[in-house]
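The values are calculated or read from the model by the stated rules, or taken from the named source; none is laboratory data. Note that the coordinates shown come from a computational prediction; the quantities given were computed from them, not determined experimentally. Every residue, glycine as well, gets a Cβ built from its backbone with ideal geometry; the counts of neighbours run over all protein chains shown. Surface accessibility is based on the protein's heavy atoms, side chains included, excluding ligands, DNA and RNA. Shrake-Rupley method; radii C 1.70, N 1.55, O 1.52, S 1.80 Å.
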Amino acid sequence: MHTPETPSPEHSGKPGTAVDHTVPSVARIYDYAIGGKDNFKVDRDVAHALVAEVPEALLFARENRSFLRRAVRFLASECGVRQFVDNGSGLPTADNVHQIAQRCEPGARVVYIDNDPVVLAYGRALLADDGNTAVLQADMTSPGKIIADARTRQLIDFTEQTAVLYVSVLHCVPDEAAPRDVVARMLDAVPSGSYLVLSHIVSDDREAAQRFTEFMTSSTDWGRVRSPQEVAEIFDGLELLEPGLVDVVDWRPESSEPVWSVTGSPFGEFPADPEGPKKLWELGGIARKP
Ligand SMILES: C[S@@+](CC[C@H](N)C(=O)[O-])C[C@H]1O[C@@H](n2cnc3c(N)ncnc32)[C@H](O)[C@@H]1O
């Protein structure tokens, strides 16, 4: 794993405290895309415009959430992981990391991190009665602050194996904030035998990548679509688990898993399987720190 000594500059998207109903947020657009209700008109408008521009965007948001569920279940049930740091956790939804993990490992502890104030408000309400979880409104591009935070220290024992999650979040981070270094610094804090779970929107089609990036950066604080190779480099020095770094739909698919229903979607009819090769997809995988 690439581990620079010098900290990367902080991403400008610093956590704010006020909820602005007039500015779209990635957390709420994503919430809408995966069927949630915690979003405003401004977010729904952007989601509809995005789907008009890139029809598969809705599909890969949902496929990504399924990947997150399978990944956490796998780590808790098959690898015995009991602590999770979920960077860019998003709004609470039907099945959150602590709920998935605690079904397999009842004492599993989770620190949720997001810079969106709505996530903090809803997260605290959801987790108020769970002593094994905390929600931090923080910028994930400052891992040092997250690691040093007293609430993190209370839940995460940094001498014990830990799963560090960056699920569908690093494309929100621009190059200036050095996403690869951010992950490396977080992984430096956890012991050997810990895991990285990561998914990222990728494309090998320059035009498709640019179109999606331009759309997102014109509406929100965002980074960019990266190439599969750039994402693979984040895993350098780690041991990728089977099946490797793949389209998230191909990561240990489970036949018992409900297929996302497109009927009744706010977007109307949506092709479950767009024709032709995908131009954009969520690339994801799990790796073990040696
Ligand atoms: C696409 S959602 C992914 C949510 C969840 N990880 C999942 O896969 O279902 C991206 C989340 O990252 C959060 N985010 C973006 N940039 C961030 C940053 N610099 N620090 C913390 N959270 C950030 C957004 O607010 C949003 O909730």
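Scanning the stretch 195-218 for residues that are open to solvent by less than 30 Å² (accessible area, probe 1.4 Å) and hydroxyl-bearing (S, T, Y) gives Y195, S199, S203, T213. In the stretch 233-290, the qualifying residues are those that are of a type in the set (F, W, Y) and open to solvent by 30 Å² or more (accessible area, probe 1.4 Å), and the one that is modelled with the lowest pLDDT is W260. Taking the numbered list (1) more than 14 Å from the ligand (Cβ to nearest atom); (2) out of contact with any Pro (no Cβ under 9 Å at 6 or more places or on another chain); (3) in a helix (DSSP H, G or I); (4) over 22 Å from F215 (Cα atoms) in turn, R69 passes all entries but (1). Scanning the stretch 35-63 for residues that are within 16 Å of R211 (Cβ to Cβ), open to solvent by less than 30 Å² (accessible area, probe 1.4 Å) and part of a loop (DSSP other than H, G, I, E, B) turns up just one, V54. In the condition set (1) assigned to a helix (DSSP H, G or I); (2) surrounded by 19 or more Cβ atoms within 10 Å (Cβ to Cβ); (3) modelled with pLDDT under 95, L126 is compliant with all but (2).
Select, from P179, P143, the only residue that is touching a Lys or Arg at 6+ places or on another chain (Cβ under 8 Å), within 16 Å of the ligand (Cβ to nearest atom) and either in contact (Cβ under 8 Å) with a residue 24 or more places away in the chain or open to solvent by 10 Å² or more (accessible area, probe 1.4 Å) (or both).
On the way: P179 fails: touching a Lys or Arg at 6+ places or on another chain (Cβ under 8 Å).
Just one listed residue meets the conditions, P143.
For the stretch 171-249, which fully contained helices (runs of 4 or more DSSP H) count at least 2 residues that are over 30 Å from T152 (Cβ atoms)?
Fully inside the stretch 171-249 and qualifying: 206-219, 228-234.
The set of residues in the stretch 75-96 that are more than 21 Å from A33 (Cα to Cα), open to solvent by 20 Å² or more (accessible area, probe 1.4 Å) and either within 15 Å of the chain's Cα centre (by Cα) or touching a residue at least 60 places away in the same chain (Cβ under 8 Å) (or both) comprises C79, G80, R82.
Within the stretch 1-34, can you find the residues that are outside any helix (DSSP H, G or I), modelled with pLDDT of 80 or more and within 14 Å of the ligand (Cβ to nearest atom)? Full working, then the answer.
Initially, the stretch 1-34 is screened for residues outside any helix (DSSP H, G or I), giving 1-25, 34.
Right, trim to modelled with pLDDT of 80 or more and you get 21-25, 34.
Residues satisfying the conditions are V23, P24, S25, I34.
For the stretch 220-239, does any single residue satisfy the condition of being farther than 15 Å from E282 by Cβ, of a type in the set (V, I, T) and out of contact with any Asp or Glu (no Cβ under 7 Å at 6 or more places or on another chain)? Yes - at least one qualifying residue is present in the stretch 220-239.
Within the stretch 97-113, how many residues are more than 9 Å from the ligand (Cβ to nearest atom) and under 13 Å from the mean Cα position of the chain (by Cα)?
Going through the stretch 97-113, the residues more than 9 Å from the ligand (Cβ to nearest atom) turn out to be 98-112.
Subsequent filtering for residues that are under 13 Å from the mean Cα position of the chain (by Cα) retains 112.
So the count comes out to 1.
Here T159 meets each of (1) open to solvent by 20 Å² or more (accessible area, probe 1.4 Å); (2) within 12 Å of the ligand (Cβ to nearest atom); (3) of a type in the set (S, T, Y); (4) modelled with pLDDT of 95 or more with one exception, condition (2). Apart from one condition, G131 fits all of (1) in contact (Cβ under 8 Å) with a residue 12 or more places away in the chain; (2) not in a helix (DSSP H, G or I); (3) not basic (K, R); the exception is (1). Among the numbered conditions (1) more than 14 Å from the chain's Cα centre (by Cα); (2) open to solvent by less than 30 Å² (accessible area, probe 1.4 Å); (3) under 25 Å from R70 (Cβ atoms); (4) more than 12 Å from the ligand (Cβ to nearest atom), the only one that V135 does not meet is (4).
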